[in-house]
Amino acid sequence: MSRDEQRVNGDELKPLAHRATRHRLNPVVELSRCAAGGKKCSVHGFDRLAGKLPSPESILPAMHITNYPSITQFQQHVELKDFREPTKKEYVRYVRKLAEHFQCDPATLTEDQMRQYFLFLRQHKHYKAATMKGAKYSLLCFYVEHLKQKQWSVFRELRIVKPQVLPIVLSRSEVQTVLAAVREPRFRTCLTLMYHCGLRVGEAVRIEVKDVHGRENPPRLYIKNGKGGKDRYVPLAPGMVQQLRQWWRTHQNPRFLRGRADLTSKV
């Protein structure tokens with residue numbers, strides 16, 4: 001073989017070798033390109049002659065169809081309830097997982113199949129108490145309230161006991177050490193307020209200037225739209241009020257106590 005022929009063959013193989021080592025392109029795309037060039041190639045474990053491509057079903061994972069009529073109707077049923085939006089999504093998600101497990105319309109399942117599914121979640125999936133409780137009440141709503149299977153006893157048989165674990169409580173010196181390690185002042189102020197008032201992250205970042213009632217005796221903080229959509233007041237110590245005032249003076253945002261609007265995405 002002449003040098004010119006070697007150079008031509010080498011130039012033809014370089015693009016294929018480069019693509020095969022990237023491991024990012026779809027195997028079907030790679031094999032299709034080989035077929036178009038009339039070549040034999042091996043990509044991601046597939047060795048096929050041109051024109052003999054594997055079927056997409058042999059490469060791509062099986063798609064589980066869970067858009068059954070009963071699930072669509074259950075979505076509408078859940079929308080009628082005054083649940084929080086995350087709760088609505090979780091209820092439908094648990095029913096979809098049930099349909100994926102049995103590969104059928106969940107409305108056609110029997111009570112014994114439902115009992116076996118709960119055993120599967122507990123013994124094989126090792127669901128914790130909180131996750132098991134979410135699955136139980138989501139499926140109870142689907143079968144008992146939506147499908148009117150009121151004679152089923154499986155939901156009464158399933159008992160979920162939450163373990164009584166003592167919480168880890170840091171000492172005051174440990175809390176001071178943790179907060180002192182936060183270099184960004186706005187993050188340190190937010191975390192201090194969360195610890196001082198027992199707030200969740202979403203509650204802390206939504207606090208507005210008007211929610212701080214620092215001139216009242218005693219001072220208090222108004223928390224709106226907390227867990228379960230409930231509002232509440234929490235007490236504030238004078239030292240915490242002073243710290244919030246000092247932080248607000250650095251940005252003087254007329255609405256939000258946090259100041260910069262990107263705090264929500266970084267805390």
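Numerical summary
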{"read-out": "³J(HN,Hα), Karplus 6.51/-1.76/1.60, whole Hz, each residue of segment 71-85, x for Gly, Pro", "value": "6, 4, 5, 5, 4, 5, 4, 5, 5, 6, 7, 8, 8, 5, 4"}
{"read-out": "³J(HN,Hα) computed for each position of segment 193-209 - Karplus, 6.51 cos²θ - 1.76 cosθ + 1.60, integer Hz, glycine/proline x", "value": "5, 4, 5, 5, 10, x, 9, 8, 4, x, 6, 5, 6, 9, 5, 9, 4"}
{"read-out": "For Asp112, Asp105, order by how many other beta-carbon atoms lie within 10 Å, fewest first", "value": "Asp112, Asp105"}
{"read-out": "Cut-off 14 Å between beta-carbons: net charge of the residues surrounding Ser153, Lys and Arg +1, Asp and Glu -1", "value": "+2"}
{"read-out": "Asp112 versus Lys128: modelled label distance in nm, points set 7 Å from Cα along the beta carbon direction", "value": "3.5"}
{"read-out": "Fewest-first sequence of Trp247, Trp152 by Cβ atoms within 10 Å of each Cβ", "value": "Trp152, Trp247"}
{"read-out": "FRET efficiency, Val161 to Gln103 (Cβ-Cβ, R0 30 Å, nearest 0.05)", "value": "0.40"}
{"read-out": "Loop trypsin sites (Lys or Arg not before Pro), segment 179-263 (other Cβ atoms within 10 Å of the site Cβ: 12 or fewer; DSSP)", "value": "Arg183, Arg200, Arg215, Lys230, Arg255, Arg260"}
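Every read-out reported here was derived from the displayed coordinates using simple, explicitly stated rules and does not represent laboratory data. Note that the structure is predicted; figures quoted are calculated from it, not measured. Cβ atoms come from the backbone with ideal geometry, glycine included; neighbour counts cover every protein chain shown.
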